[in-house]
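The values are calculated or read from the model by the stated rules, or taken from the named source; none is laboratory data. All values derive from a computational prediction rather than experimental measurement. Positions of Cβ are generated from backbone atoms using ideal geometry, with glycine treated the same way; all protein chains shown enter the neighbour counts. To get the accessible areas, we keep the full protein, side chains included, count just its heavy atoms, and leave off ligands, DNA and RNA. Shrake-Rupley method; radii C 1.70, N 1.55, O 1.52, S 1.80 Å.
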Amino acid sequence: MGWGDLGVYGEPSRETPNLDQMAAEGMLFPNFYSANPLCSPSRAALLTGRLPIRNGFYTTNAHARNAYTPQEVVGGIPDSELLLPELLKEAGYTSKIVGKWHLGHRPQFHPLKHGFDEWFGSPNCHFGPYDNRARPNIPVYRDWEMVGRFYEEFPIDLKTGEANLTQIYLEEALGFIRRQQASQRPFFLYWAIDATHAPVYASRSFLGTSRRGRYGDAVREIDDSVGRILRLLRELRLGENTFVFFTSDNGAALISAPEQGGSNGPFLCGKQTTFEGGMRVPAIAWWPGHIPAGQSLSLAGLKPPRDRAVDGLDLLPAILQGQLMDRPMFYYRGNTLMAVTLGLYKAHFWTWTNSWEEFKQGIDFCPGQNVSGVTTHTQEEHTKLPLMFHLGRDPGERYPLSFGSAEYQDALGRITPAVQQHQEALVPGQPQLNVCNQAVMNWAPPGCEKLGKCLRPPESVPEKCSWLH
């Protein structure tokens, strides 16, 4: 979902009344960033508080390549990483994930082995359908075992876009909240729905209701679901004791626009890129009866682990006391630091959208937004003289500052030591997204025997993953 997909961020259709109301009652973040322009690395960072280059969710197979966790990827979230639900256990929290996990599908990467107590959802994205011979359909889990597969027990009609998954995920969330209220236990719910990810889907009652096509239908259903979750919290008198945070794992995928892609507002490009449209995302905090508050660990009375570098910030001083934060933002694509923002200045050390070969095939991450010398289709290095933009005057990154200007030199003088400090202290994690193997796909997940859904895997042949962009 993109920065420009919500009415409160200026989307003209105004089809997100519940999220807009959530922002009105809470706090809207206009300058909130995901840690990566792609789903798996961003989610790994969200749950660990650490950049993907630290937690291992990147590849070294090629320079500046995005990578994620399709079925054939061998790696996943390392045991050495501490996830938010693991830390919250120290304060007595019960945790549930609903929806897409995307941090590895092999048994050792199962979310219940990484702090969650319950799970209903899938280990991978809802791509398909597959023939279950060359490639298996993605399983859906309840806790430790699969309960079906996408396009089988959990149908998605690619022609019409109809699927009931968001409603199923909603009921899972509501049921979990009710149970925790009855048991009087603190809880953490990670509601990781993926209806706006191509192939975009919505339930029958929402299809055709948006002026923005099928993507808008999916956004409207998500908005309605958020409204129902917030209403339940109020009905159960949990609102004043529950902190809710809404955000996205990356910018909207413009490659699938307009029917299955969203809006990144005034920002350049979208998902897959380290321009603003790829990593600046919507974010809303809600906590009735309080000024909305930030980082989850602080709210639970816990401290982040001290035995590792943590990139996430405690937002409480900014939100509760209005303290402004001026810290660098690091934009990574794979193993490469592409850009850094400090204050209102953004320096690009590398620019690249995707290759000319892909672009000529119609794969365009920046449709209608070509900026000469900026949205390049070859990897262009600017490490000695970074391309610099003032995001306040030029949020669309269209007009680089003059290299010879005093403004450029002053900004570069502040950004350079921040980058040097970051790189000198950086200890990259072991890359998890280098090796692929057809044999590790979801052929025979736990529970497949009970359903008669076990499939025979092919011979194990590990190989380097190929990441095109």
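Sorted by average packing, counted as other Cβ atoms within 10 angstrom per residue and highest first, what order do 462-469, 220-227 take?
220-227, 462-469
Would you pull out the residues with amide H under 5 Å of residue 338's amide H, same chain only if 5 or more places away, H placed 1.01 Å from N?
When sequence neighbours closer than 5 places are left aside, the close amide H contacts are 331, 332, 333.
For a protection proxy built on the mean count of beta-carbon atoms within 10 angstrom, sort 341-347, 28-34 highest first, please.
341-347, 28-34
Whole number in Å², please: accessible area per residue of the chain, 1.4 Å probe, ligands, DNA and RNA not counted.
Per residue, the chain has 42 Å² of solvent-accessible surface.
For the chain, give me the percentage of DSSP beta bridges that are antiparallel, rounded to the nearest 5 percent.
70
What are the ³J(HN,Hα) couplings of the range 123-130, residue after residue, when phi is run through the Karplus curve with 6.51, -1.76, 1.60 and θ = phi - 60°? Round to Hz, x for glycine and proline.
3J(HN,Hα) across the range 123-130, in whole Hz: x, 10, 6, 8, 5, x, x, 10.
Per-residue HN-Hα couplings for the range 97-106, Karplus 6.51 cos²θ - 1.76 cosθ + 1.60 at θ = phi - 60°, whole Hz, x for Gly and Pro?
Values, residue by residue: 10, 10, x, 7, 8, 6, 10, x, 10, 6 Hz.
Quick one: which residues, 5 or more positions from residue 140 or on another chain, have an amide H under 5 Å from its amide H? H modelled 1.01 Å from N in the peptide plane, none for Pro or chain starts.
When sequence neighbours closer than 5 places are left aside, the close amide H contacts are 147, 148, 149, 150.
As an exercise, use a Förster radius of 41 Å and the Cβ-Cβ distance of residue 241 and residue 63 to find the FRET efficiency, rounded to the nearest 0.05.
E between residue 241 and residue 63, to the nearest 0.05, is 0.30.
State, to one decimal in nm, how far the label point of residue 112 lies from the label point of residue 355, with both points 7 Å from Cα in the Cβ direction.
If labels sit at residue 112 and residue 355, their model points lie 4.2 nm apart.
What is the sum of charges around residue 417, taking Lys and Arg as +1, Asp and Glu as -1, for the other residues whose C-beta is under 15 Å from the C-beta of residue 417?
Local net charge: -1.
When the dipole is taken about the Cα centre of the chain, and only Lys, Arg (+1) and Asp, Glu (-1) are charged at their Cβ, what size is it in debye, to the nearest 20?
The dipole of the chain has a size of about 380 debye.
Which of the three applies to the range 7-326, rounded, prolate or oblate, going by the alpha-carbon gyration tensor with a ≥ b ≥ c and a/c under 1.5 meaning rounded?
Here the range 7-326 falls in the rounded category.
Label the range 211-288 by shape, choosing from rounded, prolate and oblate, from the square roots a ≥ b ≥ c of the eigenvalues of the Cα gyration tensor; if a/c is under 1.5 it is rounded, and otherwise prolate applies when a/b is larger than b/c, oblate when it is not.
oblate
Where Lys and Arg each count +1 and Asp and Glu each count -1, what net charge lies around residue 252 among other residues with Cβ under 14 Å from its Cβ?
With Lys, Arg at +1 and Asp, Glu at -1, the net is -3.
From the backbone phi of the range 394-408, what are the Karplus-calculated ³J(HN,Hα) couplings (6.51 cos²θ - 1.76 cosθ + 1.60, θ = phi - 60°) in whole Hz, Gly and Pro given as x?
So the J values, rounded to whole Hz, are 9, x, x, 6, 10, 10, x, 5, 5, 4, x, 6, 5, 4, 4.
Of all accessible surface on the chain at a 1.4 Å probe, what whole percent is carbon and sulfur?
Carbon plus sulfur share of accessible area: 52 percent.
Calculate the length of the line joining the C-alpha centroid of the range 152-184 to that of the range 216-271, in whole Å.
16
No partner Cβ under 4.7 angstrom, meaning no disulfide-compatible partner by this rule: which Cys of the chain qualify?
Lacking a cysteine Cβ partner under 4.7 Å: 39, 125.
Lys and Arg at +1, Asp and Glu at -1: add these up for the other residues within a Cβ distance under 13 Å of residue 41 and post the number.
Taking every other residue near residue 41 into account, the sum is +3.
Please list the non-local residues whose amide H lies under 5 Å from the amide H of residue 94, H modeled 1.01 Å from N, same-chain partners needing a gap of 5 or more.
Counting only residues 5 or more places away or on other chains, the set is 187, 188.
Relative contact order for the range 336-425: what percent, with Cα pairs under 8 Å and sequence separation of 6 or more?
30
How big is the accessible area of residue 20 in square angstrom, nearest 10, if you roll a 1.4 angstrom probe over the protein chains?
Probe radius 1.4 Å; accessible area of residue 20 about 30 Å².
Take 248, 402 and sort them by solvent-accessible surface of the protein heavy atoms, 1.4 Å probe, largest at the top.
402, 248
Residue 125 accessible area, nearest 10 Å², 1.4 Å probe?
0
Can you tally the lysine pairs in the range 7-326 where the Cα-Cα distance is under 23 Å and the two residues are eight or more apart, or on different chains?
So the count works out to 9.
Taking a 1.4 Å probe, which of 119, 191 shows the most accessible area, and what order do the others take after it?
Heavy-atom accessible area, descending, gives 191, 119.
What FRET efficiency do you get for residue 158 and residue 405 if R0 is 60 Å and r is their Cβ-Cβ distance, rounded to the nearest 0.05?
After rounding, the FRET efficiency stands at 0.70.
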